[in-house]
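Everything on this sheet refers to the single structure shown next.
We did not get these values from a lab; they are worked out from the coordinates using the rules stated. None of these values were measured; they are calculated from a predicted model. So basically every Cβ, Gly included, is an ideal-geometry build from the backbone, and we count neighbours across all protein chains shown.
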């Protein structure tokens, strides 16, 4: 659910968000770096001051000679800073044996790390009376006053409140936060602007594509002003348009061809009826006209049937199934139905059907398509071959389907015509003399019917001079 | 008037003939391919040719061009399923006189045929007058003075042909050629028989005789120099 919603988010917003997030990340890193750098600089300078103070404090520790007690020589003004009320500095001086020499009054308790420090120098944060402090412990050796060859160890502790530092840092953090939020705002606007500007070519493309209508399918998207990465999109759209245009053109061409071709029988019908109406009543002549009309009506009907069958097969997407036995039976029946016509034409039909059929084989076609294709191929062979010819119908099937071959030893097809053979309204005999009947739609329709269900109809010359049509029909074995 | 219809759809051609022949003025010859059609058009003297363009053999436009090149002035009406404006323009530019697309209306075709014939004979008025004889070529009725005269088809055709060529001597051969279609056995005395019958209806009851026999040359329908028999 959530992902679906995300998927529907506007591309511009998504892009803007991504840009914004990226910018926020960079800004944030930058701000943090600045902050921590400042902090380090501050602490370094504090440490430097602490160390200086501790060192100067150490110089005040004096010892006359061995056996003498060390002393702290304080000047009053030095003491003052240790006794001021508000966050006084703290100190403690410890001599080598761990004995406390002196400490400021404000120091509640010497923090444990002072005793445990093994290093020569150690900085540490701690709390004194609830306040934050940072202190340094210095361990150093000093020369005795009267015996400069001898030294003694002094451990000096000095601490200052980190409060002013904290305040400074707070100021800086505040400044950085301001800077960051203003930066975020700007980057937000910038991200929006970038994505809006960045998507402009896409919008232009959409606008241009939107302008294309069914009547203006010859228009193409120009890729000249497009960014390079949108060129494939424009190319794909153009490709689609190309195919659409071809399909539309074919459809239009077909409709116009059909309409054009329908005109002839319609004209005959109309003129026949009108002539019959104009003529003085003569029952014999009228009957003849009516007979002629019937023939034309039948032709129209056949054409309409074919067109409808084709339209139906193209429109419904479901896959038909026909058991292989039924498939063969349909072909056999169609062939036998045409035997009388062949006899009339002086030719004969020889059928050859397989003895063994793969079990559970189903053909990807239906009975009416099979009838139509078989009828067309066999009828064509009979119609175009003369007396004394033989039309052979061979059916065979395997595991992946079957094929029907119709071959004849007739005059064959002119090599020049082979290319147009499956085109609509093509007739091998250009004369259009309709002695053989038909509209030149038969092969085109048969091939379309075969192709709708992944099959194919192919032509090849049959030696020595005949023609051979093969219908490959796809099928599959289904185990019960 | 004799009309040639060149149309490969046999049944359509028959229907056209049937339609045209409901008008008593016309007889029709049919041809179903270009070769045969050209032969007929070149050798026979037709008053009009109805031409389909998509015909086997020679296509219609080639036929038409050949006809015009040979100096034939026969009016040609193209009747075809090709009827885009470009087709019509090409057809007319090739020398046809009229162009009609399929499917057509029979009444319109007949009206166009009649109009073309009238124009080609130089008589655009459908009402032809010879003296007080009136021949209405639209309704195919004949009147002399105030009297309507009923004529059988062949006599009407004969009278109309003479009227279209009034003041001209029309030979018997020419009459035979234009009044009968190709399939008729042509005996020249048939014309004499019909002229005689026509005279009995047109001339005999009236003082002024219109049909004149030019001995050895033919016949003439004329209002001038009316003479009594």
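The mean number of partner chain beta-carbon atoms within 10 angstrom of a residue's beta-carbon across peptide B:98-111 is 3. Translational diffusion of the range A:138-219, estimated by Stokes-Einstein from the Kirkwood radius over alpha carbon pairs at 10 °C in a medium of 1.306 mPa s, is 77 µm² per second. If a/c stays under 1.5 just call it rounded; otherwise compare a/b with b/c (prolate if a/b is bigger, oblate if not). Do that for the range A:319-477, with a ≥ b ≥ c from the square roots of the Cα gyration tensor eigenvalues. Because a/c hits 1.5 or more and a/b exceeds b/c, the range A:319-477 counts as prolate. Put simply, when B:36-49, A:220-233 are sorted by average Cβ atoms within 10 angstrom per residue, most first, you get B:36-49, A:220-233. Distance from a point 7 Å along Cα→Cβ of residue A:479 to each backbone N in the range A:392-406: keep the residues under 12 Å and list them by number. No residue qualifies, since no backbone N sits under 12 Å from the label point. Computed over chain B, the range of Cα coordinates on each principal axis works out to 57, 33, 30 Å, biggest value leading. On the basis of the beta-carbon distance and an R0 of 51 Å, residue A:213 and residue B:189 show a calculated FRET efficiency of 0.10.
As a ratio to 2.2 N^0.38 Å, the alpha-carbon radius of gyration computed for the range B:2-120 takes the value 0.94. When the inverse distances between all different Cα atoms of the protein assembly as shown are averaged and flipped, the Kirkwood radius reads 37.6 angstrom. Using 0.36 nm per residue and subtracting the Cα-Cα separation, the extra length available between residue A:414 and residue A:202 on full extension is 71.0 nm. The distance from the alpha carbon centre of the range B:98-162 to that of the range A:59-74 is 158 Å, rounded to a whole number. The distance separating the Cα centre of the range A:362-376 from that of the range A:195-249 comes to 41 Å. The Rg/Rh ratio for the range B:127-221 is 0.94, where Rg is the radius of gyration of the alpha carbons and Rh is the Kirkwood radius. Summed over qualifying helices (DSSP H, 4 residues or more, each -39500 (n - 2.57)) and divided by its residue number, chain B shows a 222 nm mean residue ellipticity of -12000 deg cm²/dmol. Classify the range A:21-97: rounded, prolate or oblate, from the alpha-carbon gyration tensor (a ≥ b ≥ c, eigenvalue square roots; a/c under 1.5 rounded; otherwise prolate if a/b is larger than b/c)? Note, shape of the range A:21-97 comes out prolate. Partner shielding of B:74-87 amounts to 1, given as the average count of beta-carbon atoms from other chains within 10 Å of each residue beta-carbon. Counting only other chains, what is the mean number of Cβ atoms within 10 angstrom of the Cβ of each residue in peptide B:17-26? Counting Cβ atoms of other protein chains within 10 Å of each residue's Cβ and averaging gives 3.
In terms of surrounding Cβ atoms within a 10 Å radius of their Cβ, A:44, B:98 rank from fewest to most as A:44, B:98.
Full extension of the chain between residue A:242 and residue A:225 yields a length gain of 4.1 nm, computed as 0.36 nm times the residue separation minus the alpha carbon distance. By the beta-carbon count within 10 Å of each Cβ, the least crowded to most crowded order of B:172, B:102, A:121, A:387, fewest first, is A:387, A:121, B:172, B:102. Rg/Rh for the range A:14-170 (Cα atoms only, Rh after Kirkwood) is 1.19.
Each label point was placed 7 Å from the Cα along the Cα-to-Cβ direction; for residue B:223 and residue A:21 their separation is 10.5 nm.
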